[in-house]
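Enquirer: Structure in structure tokens, see below.
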Amino acid sequence: MSLGRRFYFALSCLIFPAFLFAKEPIANSNPVGFLYIASNSGQSSGGHSALRIGNRVYHLQYSFEDKIFYIIREPWENFRFLYSVVQNRNIEFYEWKLSKIAKREFQRKWDELYLIQKKYLNNINSLKEEYKFYSQWISNNQTEIDGLGYFTEIKSEREKEELALSNSEKYHIEKSLEILQKELRVAFDTEGKKANPIVFKSNKLENKHWLDEENFSEFFPPQTIETGANRLQNLIRKIQIRKWILEPTLPYLPAFFSFHFDEDLKVKEEDQVWLKNIQTQLREDFISCIKNQNCNDWEELSLLVRYISIGMSRDLGVFTFPMLQTKKLPHQTEFEIPEWLREKKNLEYKQAFYELKKEMIAGYNFATFLEWERFNLKWYLFFQKGNEGFLDLWTPNLPGNVSLQEFSQNTNNVSSDVSSLETTLFQIQSEYQKKVQEIYSYHLIFKNCTGELFRYQNHFFPDQKILDETIGERISHEPRQLNFIPAIAAKRVESHTLTTRKKIYLSFRNLYLNEKRRNKVESWKDGLPNLSPIYKSNPFDHSFLFFTDDKLYSRPLYGLANLVWGIGYIAKGILWIPVDYGETVSKGSESIFYSLPELVFFNIRKGHFPYITIDEIPEEYYHLEKE
């Protein structure tokens, strides 16, 4: 396996790793089947289930924050690293025998399900944005618009010379700007009337037909909610982009980041050539967007912000990239990392940086450029915060304040009575969100991560056929069949006629022990967390004395030792209550709780390994992908 490939697998020690695109094919590039993930302490005590379709994994995670059972779609490399390395859990893959056509249809159904939920979530965000937009408009005649936080109002003659607009280009941009400004004035007059609380209240809630109950289904896409705020924001973005091109301003420096912390990452003289070529291509692309009117506001903005960041790289002499707002997934947890690990991981990032830079030098294309940007933003966030965040789509989304007075002369006539409007808008948003929460609800038994996989599959293929291909007997999602329990569900899938083979992706620690056994260097220290060469204390684990996941007949004995250890930990914690407010007692209680199953030969706790570096991952981890 190439050095680059190893970096792509092991770049991150965090809960959502910074994997890049795979560089080497695996033996079966499009496997489909059921994944059973063994248990571990925390919210993973009962195990987990998922579906693998090619290099994507589909599974469900509940968010206690917004009370929605999320359908997650993520790369297989990310999923495997998270569960088998960070969470140290064996993954059993039950591969199904399906034709290429059936596989495509199976994936299409799950993609539809994922995109339907995403559309609901986008609608919730649109309603929240409308609430914020009107509140800001009425209260202070300005608003925040995502994507406009990268510019200042200070004119830049140098940028203007660099753009060097031709007369034809300037004409097309001015004409486009004039049309958009007229359109915006009309839109503001219309929305200004709506923004008056008295007028708005007459537009009663029941008239919002997308709130009707029959329109809410997890199997049919909802109507896209195009709010007045959406329309106005889209127009304002397009207008501001054209104004910038005609009269460029200096970039807002805090909205960009540079790798000043490493002398080796400075832009060299030979880098200026390929950076200039990329900047020229970006210039042509966003001018073409405007002339041909074939790009939306976000496409235009992305091209422009990229153009600016490349120019900053050339001017500042260090690689510079735009900052983005990131989010976290329901199964992504933030935590502090030690300084020694930060330094070691930065060395790994640096080597991967050089690998990607070679591809950038080879020539510009959208996929490579996107990969380059995502990687460097993740690296920067890791360096600054020890947390990479999650990027679903690359969009320059930092908000910027915009005065609405310059776009409409009628904004001062809008009522200043904000409370009535806010109440109405908040009511609409809350009702819509509540309906989405109802269709994507969670229950430990009746609607959990495993039962839902079978329920969706049975809905997709009620006659147990994918197109004309028979897929065998139905696996019931009814609770009385106990298939909501991941381990039982895995046994049912294993015996199913569709399953052709079972493949096990061993956990990180099991791979490590296998390697030591092959080399005949296994040590008794490997079984003790406090002495193990690879285990480090971390925020996800309570204190325990022995690993028991690799033991069977002697497990009750080791479990008893863990139980005594937990009791002693609680006794220590009682003395520390004035200092840590009961945190040690809580950890001791967890230790006892996960030790009890070990007394009857059952193992849940396996320890977590979030502080892993590339040199600690056994070669077998990569070899398993090629089998």
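Enquirer: Counting only residues that are closer than 30 Å to Asn122 by Cα, touching a helix residue (DSSP H, G or I) at 6+ places or on another chain (Cβ under 9 Å) and open to solvent by less than 10 Å² (accessible area, probe 1.4 Å), give me the strands (runs of 3 or more DSSP E) lying completely in the range 33-110 with at least 3 of them. Don't jump to the end; show me each part of the working.
Expert: Details: elements: 48-53, 56-63, 68-75, 91-96.
Here the list reads 48-53, 56-63, 68-75.
Enquirer: Contact list please: Cβ distance under 9 Å, first residue in the range 546-574 and without any contact (Cβ under 8 Å) to a residue 12 or more places away in the chain, second residue basic (Lys, Arg), pairs at least six apart or on different chains.
Expert: From residues that are without any contact (Cβ under 8 Å) to a residue 12 or more places away in the chain, the pairs are Leu557/Lys551.
Enquirer: Also, quick follow-up: Which ones in the range 154-187 are without any contact (Cβ under 8 Å) to a residue 24 or more places away in the chain and of a type in the set (D, E, K, R)?
Expert: Looking only at the range 154-187, we keep the residues that are without any contact (Cβ under 8 Å) to a residue 24 or more places away in the chain, and these are 157-158, 161, 164, 166-168, 171, 175, 178-179, 182, 186.
Glu157, Arg158, Glu161, Lys175, Glu178, Lys182 - these are the residues of the range 154-187 that are without any contact (Cβ under 8 Å) to a residue 24 or more places away in the chain and of a type in the set (D, E, K, R).
Enquirer: So which residues in the range 137-166 are surrounded by 15 or more Cβ atoms within 10 Å (Cβ to Cβ) and among the β-branched types (Val, Ile, Thr)?
Expert: The answer is Ile138, Thr143, Ile145.
Enquirer: Moving on. Say whether the condition of being in contact with a helix residue (DSSP H, G or I) (Cβ under 7 Å, 6 or more places away or on another chain), free of Cβ contacts under 8 Å to residues at least 60 places away in the same chain and acidic (Asp, Glu) is met by at least one residue in the range 598-613.
Expert: Yes, the range 598-613 contains at least one residue that is in contact with a helix residue (DSSP H, G or I) (Cβ under 7 Å, 6 or more places away or on another chain), free of Cβ contacts under 8 Å to residues at least 60 places away in the same chain and acidic (Asp, Glu).
Here's the yes/no breakdown for (1) in contact with a strand residue (DSSP E or B) (Cβ under 6 Å, 6 or more places away or on another chain); (2) loosely packed, with under 13 Cβ neighbours inside 10 Å; (3) modelled with pLDDT under 90:
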| residue | (1), (2), (3) |
| --- | --- |
| Val418 | no, no, yes |
| Phe426 | no, no, yes |
| Glu438 | no, yes, no |
| Cys449 | yes, no, no |
| Gln457 | no, no, no |
| Phe461 | no, no, no |
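Enquirer: Still on this structure: Pick out the one residue from Asn401, Asn510 that is within 30 Å of Lys182 (Cα to Cα) and either modelled with pLDDT of 95 or more or exposed (fewer than 13 other Cβ atoms within 10 Å of the Cβ) (or both). Reasoning before the result, please.
Expert: On the way: Asn510 fails: within 30 Å of Lys182 (Cα to Cα).
Just one listed residue meets the conditions, Asn401.
Per-residue answers, yes or no, for (1) more than 30 Å from Leu177 (Cα to Cα); (2) open to solvent by 30 Å² or more (accessible area, probe 1.4 Å); (3) at pLDDT 90 or above:
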site: Asp212; (1), (2), (3): yes, yes, no
site: Asn230; (1), (2), (3): no, no, no
site: Glu247; (1), (2), (3): no, yes, yes
site: Pro254; (1), (2), (3): no, yes, yes
site: Thr280; (1), (2), (3): no, yes, yes
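The values are calculated or read from the model by the stated rules, or taken from the named source; none is laboratory data. Note that the structure is a prediction, hence the values are computed from the model and not measured. So basically every Cβ, Gly included, is an ideal-geometry build from the backbone, and we count neighbours across all protein chains shown. When the accessible area is computed, the model is the full protein with side chains, heavy atoms only, and any ligands, DNA or RNA have been set aside. Shrake-Rupley method; radii C 1.70, N 1.55, O 1.52, S 1.80 Å.
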